[in-house]
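The values are calculated or read from the model by the stated rules, or taken from the named source; none is laboratory data. Please read all numbers here as calculations on a predicted model, not as lab measurements. Glycine gets a Cβ as well: all are built from the backbone with ideal geometry, and neighbour counts include every protein chain shown. Side chains are part of the model used for accessible areas, which takes the heavy atoms of the whole protein and leaves out ligands, DNA and RNA. Shrake-Rupley method; radii C 1.70, N 1.55, O 1.52, S 1.80 Å.
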Amino acid sequence: MELQEYLKNKLKSIGMDDVIVGKHYIKSYQIKFANSKIVKTGVEVSEGVNTFVSKDKKIAVTNLKELSKGAADKTIKELVSFIKAIRPNPDYGGIAEGPFYYSKLQDFNDSQVDNLEEEKIVDIVNEAINIAHSNGAKRTAGILEVNSNEGALLSSNKINVNDKSTSLYFSIRSFADKDASGHKVCCSRVLNKLDYKWAAQESAHIAKMALKPKATNISGNMDVIFDPLPFSNILNHYGAAASMFSVESGLSFFMNKLNKKVAPSFVNLIDDGTLANGFNSSTTTDSNGNY
């Protein structure tokens, strides 16, 4: 927080209108498996500071990996240079005025995940492999990621909030033979809601169904039922296109579509950043300090 305060105060003192400084610390355990055996384990730590500034409706953003005052001073000079070189954004309306009340999110941070030992993580993977084999898989491959995140957000408009969260992600592909496979993923913010047993069982079930594909002569227009995994990839494109950055940079198919109908009336997409056990739910816009 000391470095964040330094950046905020220094940037305000040289005339910036708005300043937001976010800091993140992420510790991630990863276990990879292939041919039904664990092949790699590792721990990765990521830490950094992200800074947003505005001056006369000009906006600049930068990331700081080296957490020192010397690196911060260099970043400040870069931001000043960026601001001088870019054009104003006439639509920019400033940042929110704090302070704010932040409600406590459900299933957001789990002390069990924070204290999860590598031996227990290995046990989860081995159990999933065994479940897949007992349901017809001949071999499996995949990854389990366990993350502990800490974030802090500080702004020149009286916003000062700290966040701590956890997350787990499990992906498994089961093979019934070389041409028949099934894939499932599951994720959770808390350990007791990570349904890795179901993922292992379902991946093996899909692989077994793929063993005997049947040809058909049926043709014409048909309804398609999507499994959640491929459908999530489709939704991901809509989510990216709906971001303000994509729209303003001209990369979105939602450009010039404000207040216009873009889908059938039975289609409604809602982005709820406070969803209980939501994989990217956060207390603030981004608990990792990313903008």
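Picking from residues in region 165-219 that are of a type in the set (A, V, I, L, M), closer than 17 Å to Gly136 by Cβ and within 22 Å of the chain's Cα centre (by Cα), the one that is surrounded by the most Cβ atoms within 10 Å (Cβ to Cβ) is Ile172.
Each residue in region 3-57 was checked for being acidic (Asp, Glu), in contact with a Gly (Cβ under 8 Å, 6 or more places away or on another chain) and open to solvent by 60 Å² or more (accessible area, probe 1.4 Å), and 1 of them qualify. Residues that are in a helix (DSSP H, G or I), of a type in the set (Gly, Ala, Ser) and in contact (Cβ under 8 Å) with a residue 24 or more places away in the chain do occur in region 237-244, at least one of them.
Looking at region 220-236, which of its residues are assigned to a loop (DSSP other than H, G, I, E, B) and either touching a residue at least 40 places away in the same chain (Cβ under 8 Å) or open to solvent by 70 Å² or more (accessible area, probe 1.4 Å) (or both)? Lay out the reasoning, then the answer.
Here is the first cut: in region 220-236, the ones assigned to a loop (DSSP other than H, G, I, E, B) are 220-227.
Listed by number, the residues that qualify are Asn221, Met222, Asp223, Val224, Ile225, Phe226.
In summary, Thr51 fulfils each of the numbered conditions (1) within 20 Å of Ser13 (Cβ to Cβ); (2) out of contact with any Leu (no Cβ under 8 Å at 6 or more places or on another chain); (3) of a type in the set (Ser, Thr, Tyr) with the single exception of condition (2).
If you take the residues in region 229-270 that are among the charged types (D, E, K, R) and farther than 21 Å from Asn50 by Cβ, which one is nearest to the chain's Cα centre (by Cα)? Can you show your working first?
Our first condition is that a residue be among the charged types (D, E, K, R); within region 229-270, this holds for 248, 257, 260-261.
Within this subset, residues satisfying the condition of being farther than 21 Å from Asn50 by Cβ are 257, 260-261.
Numbers: Lys257: 26, Lys260: 29, Lys261: 28 Å.
If we take residues in region 229-270 being among the charged types (D, E, K, R) and farther than 21 Å from Asn50 by Cβ, then Lys257 is nearest to the chain's Cα centre (by Cα).
I'd like the full set of residues that are open to solvent by 50 Å² or more (accessible area, probe 1.4 Å), over 18 Å from Thr166 (Cα atoms) and either part of a helix (DSSP H, G or I) or basic (Lys, Arg) (or both), limited to region 89-129. Answer for region 89-129, where residues must be open to solvent by 50 Å² or more (accessible area, probe 1.4 Å), over 18 Å from Thr166 (Cα atoms) and either part of a helix (DSSP H, G or I) or basic (Lys, Arg) (or both): Glu119, Asp123, Asn126, Glu127.
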